[in-house]
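The values are calculated or read from the model by the stated rules, or taken from the named source; none is laboratory data. Nothing here was measured: the structure is a model prediction, and the numbers come from that model. Methodologically, a virtual Cβ is constructed for each residue, glycine included, from the backbone with ideal geometry; neighbour enumeration extends over all protein chains shown. Note: areas computed on protein heavy atoms with side chains; ligands, DNA, RNA excluded. Shrake-Rupley method; radii C 1.70, N 1.55, O 1.52, S 1.80 Å.
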Amino acid sequence: MKFTINRSAFISQLNNVLRAISSKTTIPILTGLKMVVANDSITLTGSNSDITIESVMSAESVMSASNEDYELKIDEPGSIVLPARFFSEIVKKLPDKHVTIEITSGFQADITSGNAKFQINGQDAENFPHLPEVEANNTVVLANDMLKEVIWQTVIAVSKQESRPILAGIHVTLHDGLLTAVATDSHRLAQRKVQLDGVGDVNYDVIIPGKSLDELSGMISDVDDEVKMQVTDNQVLFIFGNTHFYSRLLEGNYPETSQLIPDTSDTTVELDAGTFLSSIDRASLLSHESRNDVVKLTIKPGEKLVRISGDSPDIGMVEEDVATSAVEGNDLEISFNPNYMKDALRSFGQSTVKISFTSPLRPFTLVPTEDTENFVHLITPVRTF
């Protein structure tokens with residue numbers, strides 16, 4: 001195996017694949033980077049058994065994802081697994097514009113650039129876990145910006161507790177062209193719906209780990225390509241640019257969440273998400289010092305009053321009236337975790353939000369006023385008496 005490539009363009013692809021490689025894996029070979037050199041391309045693969053990232057650099061491709069010429073010259077095909085972190089650090093510190101990598105004897109790699117030469121020991125690529133076969137007949141094409149938004153708006157509600165592993169995922173369904181993503185940690189819930197065109201009769205019902213989608217979101221932020229999504233029994237594959245992103249699926253039944261969202265309310269308030277976020281942020285300065293870490297919202301529609309308050313016995317108290325565009329219904333006092341509220345409000349951006357309440361101890365909902373059907377965030381209040 002021997003090839004020469006533009007070092008900077010090579011590093012950009014290495015960085016993508018390194019996202020999937022962990023030094024804490026229980027499978028030693030997965031600390032390595034798999035490199036397969038064909039007659040006309042190089043494929044880099046990294047995996048931590050939960051996610052696998054594969055990047056293909058073709059000799060026929062003029063530009064890499066970072067708009068740099070690969071300048072790829074392949075002298076001899078072959079394959080090897082190299083220690084990922086060590087190999088990437090070497091390549092990043094080499095002195096010349098180009099780097100040549102050659103397998104000389106056994107699984108030893110010579111890395112040459114300018115006057116610098118390294119020799120590192122690798123492993124047989126045949127021992128690297130094989131990727132699953134994914135059928136292309138259930139492919140769905142997703143707009144890059146839409147997918148990033150759906151992930152961003154739902155992943156905040158994914159559970160970080162290990163007691164219920166299924167809640168560490170986002171429940172993604174596709175039926176009759178309607179894509180629905182739901183996440184809940186049992187204290188809050190985020191649900192986003194998107195109507196897709198041209199998906200035919202493709203249907204999905206899968207649970208994708210939140211960590212996987214968070215990592216995917218970071219990667220597709222760097223490209224403008226549409227994202228192709230394919231599903232097998234236990235894997236989901238996202239394809240964009242020259243990258244294949246595989247994630248395992250979570251096994252089990254996701255809780256039925258549709259009945260958790262109330263369809264009636266006794267009190268509603270409409271306000272600017274950004275302004276309300278700033279108010280909650282100020283109130284939480286004191287609430288974070290309290291054992292309960294809650295803030296209280298007082299609503300008196302007759303007086304057009306909406307007030308945020310918080311206190312800490314050791315520090316003091318805060319009280320602030322909040323500007324609203326509409327407030328209706330019954331008087332209400334309700335307490336909640338300010339961190340949940342801040343996460344929810346950030347996911348709405350700069351839109352106007354409608355918050356609907358039924359009682360001080362029942363979950364309440366937040367929806368954008370310009371689209372009340374396709375995005376909802378639900379928060380469970382905190383009992384303070």
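Would you please name the residue that is nearest to A344 (Cα to Cα), looking only at residues in the stretch 142-165 that are among the acidic types (D, E) and surrounded by fewer than 14 Cβ atoms within 10 Å (Cβ to Cβ)? Please lay out each step first, then the result.
Within the stretch 142-165, the subset among the acidic types (D, E) is 145, 149, 162.
After this cut, where a residue has to be surrounded by fewer than 14 Cβ atoms within 10 Å (Cβ to Cβ) as well, the list is 145, 162.
Numbers: D145: 19, E162: 22 Å.
So the residue we want is D145.
I'm trying to understand the selection: among the residues of the stretch 357-374, which are more than 19 Å from A157 (Cβ to Cβ) and not hydrophobic (A, V, I, L, M, F, W, C)?
T358, S359, P360, T369, E370
Okay, residues lined up against (1) part of a loop (DSSP other than H, G, I, E, B); (2) over 23 Å from D263 (Cα atoms):
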residue	(1), (2)
R282	no, yes
S335	no, no
Y340	no, no
K354	no, no
E370	yes, no
E373	yes, no
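If the requirement is being under 18 Å from A344 (Cα atoms), out of contact with any helix residue (DSSP H, G or I) (no Cβ under 9 Å at 6 or more places or on another chain) and open to solvent by 10 Å² or more (accessible area, probe 1.4 Å), which of these qualifies: T180, T173?
Answer to the check: T180.
Looking only at residues in the stretch 306-316 that are over 15 Å from S278 (Cα atoms) and surrounded by 13 or more Cβ atoms within 10 Å (Cβ to Cβ), which one is modelled with the lowest pLDDT?
My answer is S312.
Taking Y246 and the conditions (1) open to solvent by 70 Å² or more (accessible area, probe 1.4 Å); (2) part of a strand (DSSP E or B), which numbered condition does it fall short on, given that it satisfies the others?
Here Y246 clears every test but (1).
Please go through (1) in contact (Cβ under 8 Å) with a residue 24 or more places away in the chain; (2) more than 20 Å from M219 (Cβ to Cβ); (3) in contact with a Gly (Cβ under 8 Å, 6 or more places away or on another chain); (4) of a type outside the set (F, W, Y) for A183 and return the number of the only condition it doesn't satisfy.
Status for A183: all satisfied but (2).
Can you find even one residue in the stretch 287-297 that is more than 17 Å from F357 (Cβ to Cβ), outside any loop (DSSP other than H, G, I, E, B) and free of Cβ contacts under 8 Å to residues at least 24 places away in the same chain?
Scanning the stretch 287-297, I find no residue that is more than 17 Å from F357 (Cβ to Cβ), outside any loop (DSSP other than H, G, I, E, B) and free of Cβ contacts under 8 Å to residues at least 24 places away in the same chain, so the answer is no.
For the stretch 113-141, give me each residue that is surrounded by 13 or more Cβ atoms within 10 Å (Cβ to Cβ) and outside any strand (DSSP E or B).
Residues of the stretch 113-141 that are surrounded by 13 or more Cβ atoms within 10 Å (Cβ to Cβ), as a first pass: 113, 116, 118, 120, 122-123, 125, 128-129, 131-132, 134, 138-141.
Scanning the stretch 113-141 gives G122, A125, F128, P129, L131, P132, V134, N138, T139.
Kindly indicate whether any position in the stretch 256-267 is open to solvent by 70 Å² or more (accessible area, probe 1.4 Å), at pLDDT 95 or above and under 28 Å from the mean Cα position of the chain (by Cα).
no
Name the residues in the stretch 356-377 that are open to solvent by less than 30 Å² (accessible area, probe 1.4 Å) and at pLDDT below 95, would you?
Matches in the stretch 356-377: none.
Does S284 satisfy the condition of being surrounded by 15 or more Cβ atoms within 10 Å (Cβ to Cβ) and over 22 Å from A344 (Cα atoms)? Step through it out loud before you land on a result.
Values: surrounded by 15 or more Cβ atoms within 10 Å (Cβ to Cβ): yes; over 22 Å from A344 (Cα atoms): no.
Against the criterion (surrounded by 15 or more Cβ atoms within 10 Å (Cβ to Cβ) and over 22 Å from A344 (Cα atoms)), S284 does not qualify.
Of the residues that sit in the stretch 105-153 and are of a type in the set (S, T, Y) and out of contact with any helix residue (DSSP H, G or I) (no Cβ under 7 Å at 6 or more places or on another chain), which one is nearest to Q191 (Cα to Cα)?
At the first step, the residues of the stretch 105-153 found to be of a type in the set (S, T, Y) are 105, 112-113, 139.
With the extra rule that they be out of contact with any helix residue (DSSP H, G or I) (no Cβ under 7 Å at 6 or more places or on another chain), the set shrinks to 105, 112, 139.
On the way: S105: 55, T112: 51, T139: 23 Å.
Checked the stretch 105-153; the qualifying residue nearest to Q191 (Cα to Cα) is T139.
Identify, by number, the condition in (1) in contact (Cβ under 8 Å) with a residue 24 or more places away in the chain; (2) open to solvent by 10 Å² or more (accessible area, probe 1.4 Å) that E303 doesn't meet.
(1)
Look through the stretch 320-335, keep the residues that are modelled with pLDDT of 95 or more and open to solvent by 70 Å² or more (accessible area, probe 1.4 Å), and return whichever of them is nearest to D281 (Cα to Cα).
This residue is D321.
Would it be correct to say that L345 is on the phi < 0 side of the Ramachandran plot, among the hydrophobic types (A, V, I, L, M, F, W, C) and surrounded by 18 or more Cβ atoms within 10 Å (Cβ to Cβ)? Spell out how you get there, then give the answer.
Details: on the phi < 0 side of the Ramachandran plot: yes; among the hydrophobic types (A, V, I, L, M, F, W, C): yes; surrounded by 18 or more Cβ atoms within 10 Å (Cβ to Cβ): yes.
So L345 fits the description; yes.
Are there any pairs with C-beta distances below 6 angstrom linking a residue in the stretch 23-49 that is more than 11 Å from P83 (Cα to Cα) to a residue that is among the small types (G, A, S) and open to solvent by 10 Å² or more (accessible area, probe 1.4 Å), with the two at least 6 apart or on different chains, and if so which?
Close Cβ pairs (under 6 Å, with a partner that is among the small types (G, A, S) and open to solvent by 10 Å² or more (accessible area, probe 1.4 Å)) amount to V36/S79; V37/G78; D40/A59; S41/S58; N48/S22.
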